[in-house]
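S.K.: Before anything else, here's the structure in question.
The values are calculated or read from the model by the stated rules, or taken from the named source; none is laboratory data. As the structure is a computational prediction, the values presented were derived from the model and not from experiment. Every residue, glycine as well, gets a Cβ built from its backbone with ideal geometry; the counts of neighbours run over all protein chains shown. For accessibility, only protein heavy atoms count, side chains too; no ligands or nucleic acids. Shrake-Rupley method; radii C 1.70, N 1.55, O 1.52, S 1.80 Å.
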Amino acid sequence: MEFLKQLGIKEKNFGASTGLKWYGSEKGDELKVYSPINGKYIASVFQASEKDYERVVAKSHEAFLKWRKIPAPQRGEVVRAIGNELRKYKEPLGKLVTYEMGKSLQEGLGEVQEMIDICDFAVGQSRQLYGFTMHSERPSHRMYDQYHPLGVVGTISAFNFPVAVWSWNAMIAAVCGDSNLWKPSSKVPLTAIAVQNILAGVIKEYKLPEGLFSLVIGRGRTVGERMLNDKRVPLVSITGSTEVGRHAAQVIAKRFGKYILELGGNNAIILTPESDLKMAIPAIVFGAVGTAGQRCTSTRRLIIHESIYDKVKQALLKAYKTVVIGDPMKQKNHMGPLIDKGAVEDFKAALVRVKEEGGKVLFGGKVLSGKGYGSGCYVTPTIVEAENHYEIVQEETFAPILYLIKYKGEVDNAIEIHNNVVQGLSSAIFTNNMREAETFLSHWGSDCGIANVNIGTSGAEIGGAFGGEKETGGGRESGSDAWKAYMRRQTNTLNFSTELPLAQGIKFDI
């Protein structure tokens, strides 16, 4: 395929890079990559060994020692160049995202646009790494705080956003003066290799230190565990399941490292009697069906007031019948495949469990086969009547399953149902009632890191801080002041007097 050639993807690729050099051996552990769209073989990657990891992380640390001395606005100019380079490769990289991961082409292109947008954001951020000044209680003293580069930032990304999440971390970390070490999901390694190839031109042009943007593709026990335990990597940003995050947090905490966790979501939309269904229905369908339900912000639960329940149910059944499933490389199709057959098995198991608990499948629930569905990874988006307390509803199933849940009375009752899960990523309410909207956004409203009014749960903009609470992890990435996580904070006090007064009025005469 032409886009593979444009991105420098070979039939066989090495899985470790320091930006310009590739490391590995054709005698190493070979990972073969197949497209979930058609089940066809794409290419293979020789995964990084422990020796390859050591080479790469050493170069990443050396690069940090040089990069931190470059003025932040100059670092921003490098990120600007990366954004411009991504613009050149938006179409082929977007196609690869779709072909390797299975999301629609519009979403694949949108993901690359997100990378471009975060570059633009980071360029501005490079001139806004602000500290604060404070008044000292001691005469002729000045106090302020400032932020310094942290070191090598490790990024462990998931398959569902194979390139965007890396850019959130790497571009912000870069303007902060950090180097980046990237371990992508082994389900989508080719997009990471393509990004590394795109970066190579900027690295050469700006004579950047080798290791500023590094890559290690490898097994968790070979590469992932080493990164979690590595004191040379002071911060690790991890996107993945709650189980993965819990383990990573424990390992990193033992060495007093820092981490950003973006874990599971169990996102809900509340529909009150005063919601605008013409707006709500498209948002619900995109939230539940987009990326085949494989976003951490996908809409999983729909909490509907009993007075409009039947109306909403019928509207959704009508809308779901219009969802076109098929090859996501074709623009007419709304939904592509799940990432692999393991995800299909999870989808099937979830439906068995919800039926056992008393749920009723209203639409979908099938695995598709036949012409156009040869990979075995295509399913029909599914609507299920359920109750919030069902064990399976309490869990995150990474598939296009939408649970309809009825509530009675005031919006407070809906919010109580909404918050009664262990995850806390994204949330939304549709209402034209100002009091309901403000209650949802209040201290006693949604307990999620993201709370929206009259828009869906998915599709966050890069300008806001992205992340959640509870078992979603509590970390923040992307916009707002998320940059502070990639730096170390320092408080400074300067005495420009001829005396040495102590704070709190303490006397110590010698």
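S.K.: Inside the range 176-198, can you point out the residues that are of a type in the set (Gly, Ala, Ser) and open to solvent by 10 Å² or more (accessible area, probe 1.4 Å)?
M.R.: Matches in the range 176-198: SER185, SER186.
S.K.: State which residue pairs qualify: first residue free of Cβ contacts under 8 Å to residues at least 40 places away in the same chain and inside the range 134-148, second residue loosely packed, with under 15 Cβ neighbours inside 10 Å and assigned to a strand (DSSP E or B) in any location, beta carbons under 8 Å apart, and separation of 6 or more residues or different chains.
M.R.: The qualifying pairs are MET134/TYR144; MET134/ASP145.
Conditions (1) under 21 Å from HIS418 (Cα atoms); (2) of a type in the set (S, T, N, Q); (3) not in a loop (DSSP other than H, G, I, E, B), marked per residue:
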site: ALA280; (1), (2), (3): yes, no, yes
site: VAL285; (1), (2), (3): yes, no, yes
site: VAL289; (1), (2), (3): yes, no, yes
site: ARG295; (1), (2), (3): yes, no, no
site: ALA315; (1), (2), (3): no, no, yes
site: THR322; (1), (2), (3): no, yes, no
site: GLN331; (1), (2), (3): no, yes, no
site: PRO337; (1), (2), (3): no, no, no
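S.K.: Still on this structure: Report whether or not ASP481 is at pLDDT 95 or above, acidic (Asp, Glu) and within 23 Å of GLU114 (Cα to Cα).
M.R.: Criteria met by ASP481.
S.K.: Quick check on the range 428-442. Is at least one of its residues closer than 23 Å to VAL165 by Cβ and open to solvent by less than 20 Å² (accessible area, probe 1.4 Å)?
M.R.: yes
S.K.: Which members of the range 123-145 meet the condition of being in contact with a helix residue (DSSP H, G or I) (Cβ under 8 Å, 6 or more places away or on another chain), under 20 Å from GLU499 (Cβ atoms) and open to solvent by less than 100 Å² (accessible area, probe 1.4 Å)?
M.R.: ARG138
S.K.: Report whether or not SER167 is part of a loop (DSSP other than H, G, I, E, B), modelled with pLDDT of 95 or more and either open to solvent by 10 Å² or more (accessible area, probe 1.4 Å) or under 22 Å from ARG127 (Cα atoms) (or both).
M.R.: Answer is no for this residue.
S.K.: Quick check on the range 425-432. Is at least one of its residues in a helix (DSSP H, G or I) and farther than 27 Å from PRO337 by Cβ?
M.R.: For the range 425-432, residues in a helix (DSSP H, G or I) and farther than 27 Å from PRO337 by Cβ: absent.
S.K.: Could you check how many residues of the range 365-405 are assigned to a loop (DSSP other than H, G, I, E, B), open to solvent by 30 Å² or more (accessible area, probe 1.4 Å) and of a type in the set (A, V, I, L, M)?
M.R.: 1
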